[in-house]
Protein chains: 2
Amino acid sequence: MQQSVSLVTLGVADYERAKRFYEALGWSVAWEADETSFFQANGVVLVLWGREKLAADMGISDESEGWGGIALAHNVASRDEVQDVIELARANGAEVTREPSQTFYGGYAGAFRDPDGHTWEIAHNPGFGLTNDGSVTLPAN
Amino acid sequence: MQQSVSLVTLGVADYERAKRFYEALGWSVAWEADETSFFQANGVVLVLWGREKLAADMGISDESEGWGGIALAHNVASRDEVQDVIELARANGAEVTREPSQTFYGGYAGAFRDPDGHTWEIAHNPGFGLTNDGSVTLPAN
C-alpha cells in the first residue's frame, strides 16, 4: 500500500452550512457534484459530504461507536489494487466494512476500519486522475 | 486561510498496536518522538498519537459528542497567523476549544471545531519546515 491519503471526507449534517463555513475561511470549491464539495489542498483533497451518506458508503451505521464522521480515502490505479489493499488490511486485523464492489459514481471501492475504528476507503475512481504520489486530480467543473 | 491540511492525526488507544498495523500495510515512520509517529504521505502527514492526549491538546474531552478521535492540523508560518485563523473561524461560528497558546513541543497553537464538530488545530511549529503549499517538512530522526 502506497503511503498516501488521497481525500479526507468530513461528514456533515447540513451541507450548505458546512460549505459556507469553509468558503468563509477562504477556501474555494474546485469541483462540486450532488451536494459534494471537493477542495483541492496540498496534495490531499478535502471533501464535504452528507454524514449519513458517508457512513452508508463506508458500510457502517452513522451511530456506530467511535465513528466521528471522518473518512480517509486512498485511491489506487485499478480494481485489482483495491482488492489487494483490502486483503492486506484484513490479514492484519482490520475490520472490512465494505467488501470491494462498484460504487454509485462508476468506480470500485472497499472500506475498512483500522484497529482504532478509523475508516479508510480504498478506491479506484476512473473519473479522477491519479498522480504517482497517490494524489487525485479533480475534473474541471 | 490557505487551503491546506498539514497533518491528519489519528488518535489511538494502543500506540504500538496502531504503529504495527500501519507498518504492516507497508507504511514507514519518517519521524517518531514520545509515542508519536509521523508518516510522510503526499503532502499531508499522517500522525498516530494517543487519543486522550490528542483530545486534551484540542481542548476537548475524549468523551465529547461527535468526537471520533481524528484531528486535522493546518500549520502556518507565525504566531500571528495562528491568531488570525482562529479569529476568522470564531467570527464564522466555529467553537474555539483551545485559545492560541504555547504548546508542549515549543510551538504555538489554537484549535476549533467546525459547525459539524470536526476539529482543526491551527499551529505554528518552528521545529517543522513549512512549504509554500502548506505542507510540513519533518525533521530527520
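Each value in this text was obtained by applying a stated rule to the coordinates, not by laboratory testing. Keep in mind it's a predicted model, so treat the numbers as computed, not measured. Ideal geometry is used to build each Cβ from the backbone, glycine not excepted, and the neighbour counts take in all protein chains shown.
Relative to the dominant Cα principal axis of chain A, helix A:79-91 is inclined by about 70°.
Normalising by the residue count of the stretch B:1-107, find the relative contact order in percent from Cα pairs under 8 Å and 6+ residues apart. Value for the stretch B:1-107: 30 percent. For chain A, modelled as a GNM whose springs connect Cα atoms under 10 angstrom apart, the maximal fluctuation among A:GLU121, A:GLU23, A:GLU32 occurs at A:GLU23. Taking amide H positions as modeled 1.01 Å from N, with prolines and chain starts lacking one, the residues under 5 Å from A:VAL76 and 5 or more places away or on another chain are A:ALA123, A:HIS124, A:ASN125. Placing a label point 7 Å from the Cα of A:LEU138 along the Cα-to-Cβ direction, the residues of the stretch A:60-79 with a backbone N closer than 16 Å are A:73. A straight chain from A:GLU99 to A:ALA24 at 0.36 nm per residue would run longer than the Cα-Cα distance by 23.2 nm. Across identical copies of the chain, A:GLU23 has label-point separations of 4.7 nm, listed in ascending order, with the point defined 7 angstrom from Cα along Cα→Cβ. Shown for A:TRP120, B:TRP27: other C-beta atoms within 10 Å of each C-beta, ranked fewest to most, produce the order B:TRP27, A:TRP120. With label points set 7 Å from Cα along Cα→Cβ, the inter-copy distances at A:ASP133 are 0.5 nm, sorted shortest first. For the stretch B:7-137, the antiparallel share of DSSP beta bridges with both residues in that region comes to about 70%. Here the residues A:SER61, B:SER6, ranked from fewest to most Cβ neighbours within 10 Å of their Cβ, fall in the order A:SER61, B:SER6. Shown for A:GLY66: label points 7 Å from Cα along the beta-carbon vector, and their distances to the equivalent points in the other copies, 2.2 nm in ascending order.
Per the rotation superposing chains B and A, the chain B residue found at the smallest beta carbon distance from the axis is B:GLY68, 1, distance in Å.
Which FRET efficiency value, to the nearest 0.05, do you get for A:GLU87 and B:GLU87 by plugging their Cβ-Cβ distance into 1/(1 + (r/R0)^6) with R0 = 51 Å?
Details: r = 47 Å, r/R0 = 0.93.
In this case the efficiency is close to 0.60.
Sequence-ordered 3J(HN,Hα) estimates for the stretch B:38-53 from the Karplus curve with 6.51, -1.76 and 1.60 and θ = phi - 60° stand at 10, 10, 6, 10, 6, x, 5, 10, 8, 10, 10, 8, x, 5, 5, 5 Hz, glycine and proline given as x. Note on chain B: GNM, Cα springs under 10 Å; of B:ASP114, B:ASP34, B:ASP84, the largest mean-square fluctuation is that of B:ASP34.
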